[in-house]
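Engineer: My questions all concern the structure below.
Here, each number is a calculation from the coordinates, and none is a lab measurement. Source: prediction; values computed, not measured. Positions of Cβ are backbone-derived with ideal geometry, glycine not excepted, and every protein chain shown enters the neighbour counts.
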Amino acid sequence: MNAQGSRGTRGSHPDPAHTAHTTDAAHTVHAAHTAPGKEPDPRFTLANERTFLTWLSTSLALSAGGVAMAAVPAAAFTPWLRTVMAVVLVMLAAVAAGMAYPRWRRVQRALRTARPLPPPALAAVFGYGVATVAVLALVLILLAL
Amino acid sequence: MPRPLWDEGLQSERTRLAWVRTATVLAAGGLGAAGMVLRSGANPLPAAAFVLATLLGGVLLARTGVRYRRVQRALHEGRPLDHRADAVLAWYGVLALAAGAAVFVVAESAALLTR
């Protein structure tokens, strides 16, 4: 509980139980502490955790957008187009939420084994998906004026 | 006496704030969505998912201090970090909210298109 070693421990986390077997066993998905490799720099662990939380927040925002889109008064937008936009948003939300945890574990495993991080899968899908919905919504708003 | 900072990047503090942000949005979003669904008199099934999300968000918010102190202690003592339990709770909460939103959107759209 006291403040010993507040700086010196950074980056070198002795984890003697796990340093022996470094490779092999990229299969154990749910085992940070029984997993191979050594404990990564805690700063990277925390950054990975924040990235996970940001994916969750993104999913929450997309869900909110989908629900809002489905809840606007029926007369405001062309019904089928509104439905398409709402469905796209909640599907993006589901994908973002669904992949967040597995990706977190995968990144943590890559950090432990000092391997390259998995590529930012689906980032383009989210960018283009949200952009499409935004442009469509803008067009509909302008048409409704 | 306050403990000295572990690093100048304020990693643990930023992570704590990220937890607070996510849990707050989860709780508030779940609450708002549940209220909206119940007021609109629509299918109450999504409301149950939204309430579950709100509860999980509340639990995560309540655990903020404990989680932060545990991270600080692990950092200062050079022990590995692990709070997978909280992460799984957050994940379930967000999944519940996404599922509720999907059910709500499908139900609303079906009602709208068949009208």
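Engineer: Work out from phi, with θ = phi - 60° and the Karplus expression 6.51 cos²θ - 1.76 cosθ + 1.60, the ³J(HN,Hα) of each residue of region A:84-99, listed in order in whole Hz, and give x for Gly and Pro.
Structural biologist: Here the 3J(HN,Hα) series is 4, 5, 4, 5, 4, 5, 6, 5, 4, 4, 5, 5, 4, 5, x, 8 Hz.
Engineer: Per-residue mean of other chain beta-carbon atoms within 10 angstrom of the beta-carbon, peptide A:104-112?
Structural biologist: On the way: counts 3, 2, 0, 0, 3, 0, 0, 0, 1.
Averaged over the peptide's residues, the number is 1.
Engineer: If you don't mind, there's one more thing I want to ask. Given +1 on the Cβ of Lys and Arg, -1 on the Cβ of Asp and Glu, and no further charges, what dipole in debye does chain B carry about its Cα centre, rounded to the nearest 20?
Structural biologist: Details: 13 positive and 7 negative charges, 46 e Å.
Computed charge dipole of chain B: roughly 220 debye.
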